[in-house]
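A.B. asks: Sharing a structure below in structure tokens format, with a few things to ask.
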Amino acid sequence: MLTVRFNYKVRQVALINEVHVLINRLVEQVSANEPDTLNYIAYQHDEDIRRFIHVMTFRDMDAREEHRHSDHYEEFIVNLTPLCESEPHVVILNQVASKEEFAA
């Protein structure tokens, strides 16, 4: 498995609703078209509502590449980037330890 964190900060509070629409559209498309994207969660920072973090888990590097080259991801980036203070930042995370609970 491969986990990726995607961070960005929106230029203005007035743009947040537009970003929410973009995020929801992306997550819908990921859910419908990417079976090897095991988890995709978008978070909004509590103290600075212009900051967003997406955390996604892929089955493998091929699944990540499929996501990165999908039409819906490319559309998301094209529409999101002009709304941000700077280019979104991607970090690949290597798991060291975990405790996971799943609802039955």
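A short reminder: the numbers here are calculations on the coordinates, not readings from a lab. Here the structure is a predicted model, which means the values were calculated and not measured. Here the Cβ positions follow ideal geometry from the backbone for every residue, glycine too, while neighbour counts run over all protein chains shown.
A.B. asks: Do you know the relative contact order of the chain, to the nearest whole percent, from alpha carbon pairs under 8 angstrom that are 6+ apart?
C.D. replies: 44
A.B. asks: What ³J(HN,Hα) values, in whole Hz, does the Karplus curve 6.51 cos²θ - 1.76 cosθ + 1.60 give for segment 72-87 when θ = phi - 60°, with x put for Gly and Pro?
C.D. replies: 5, 5, 4, 4, 4, 5, 4, 7, 6, 3, x, 8, 9, 5, 8, 4
A.B. asks: Could you work out how far the C-alpha centroid of segment 22-47 sits from that of segment 73-104, in angstrom?
C.D. replies: 9
A.B. asks: Considering amide H positions built from the backbone, and no H for Pro or chain starts, which residues 5 or more places from C84, or on another chain, come under 5 Å of its amide H?
C.D. replies: Placed amide hydrogens put R11 under 5 Å from C84.
A.B. asks: For segment 2-93, state the semi-axes of the equivalent ellipsoid (square roots of 5 times the eigenvalues of the alpha-carbon gyration tensor), sorted largest first and rounded to whole angstrom.
C.D. replies: Working through the eigenvalues yields semi-axes of 22, 14, 11 Å.
A.B. asks: Once phi is turned into ³J(HN,Hα) by the Karplus curve 6.51 cos²θ - 1.76 cosθ + 1.60 with θ = phi - 60°, what whole-Hz value does each residue of segment 47-62 show in order, with x for glycine and proline?
C.D. replies: Residue by residue, segment 47-62 yields 8, 10, 5, 7, 9, 10, 9, 10, 10, 10, 10, 10, 4, 6, 5, 4 Hz.
A.B. asks: Next question, about the same structure. Between L38 and residues 5 or more places away or on another chain, which pairs have amide H atoms under 5 Å apart, with H built 1.01 Å from N, and which residues are they?
C.D. replies: Hits under the 5 Å cutoff: T57, F58, R59.
A.B. asks: While we're looking at this one, here's another question. At 7 Å along Cα-to-Cβ for each site, give me the label-to-label distance between S86 and Y43 in nm.
C.D. replies: Inter-label distance under the simple model: 2.0 nm.
A.B. asks: So for V90, V96, V10, fewest C-beta neighbours within 10 Å to most, what's the order?
C.D. replies: Working: V90 12, V96 5, V10 20.
Ascending number of Cβ neighbours within 10 Å: V96, V90, V10.
A.B. asks: Round to the nearest 10 and give me the degree value, 0 to 90, for the angle of helix 16-33's Cα axis relative to the longest principal axis of the chain.
C.D. replies: Tilt of helix 16-33: around 30 degrees.
A.B. asks: Sticking with this structure for a sec: Treat every Asp and Glu Cβ in segment 2-93 as -1 and every Lys and Arg Cβ as +1, leave all other atoms uncharged, and give the resulting dipole magnitude about the Cα centre to the nearest 20 debye.
C.D. replies: Numbers: 9 positive and 16 negative charges, 62 e Å.
Approximately 300 debye in magnitude.
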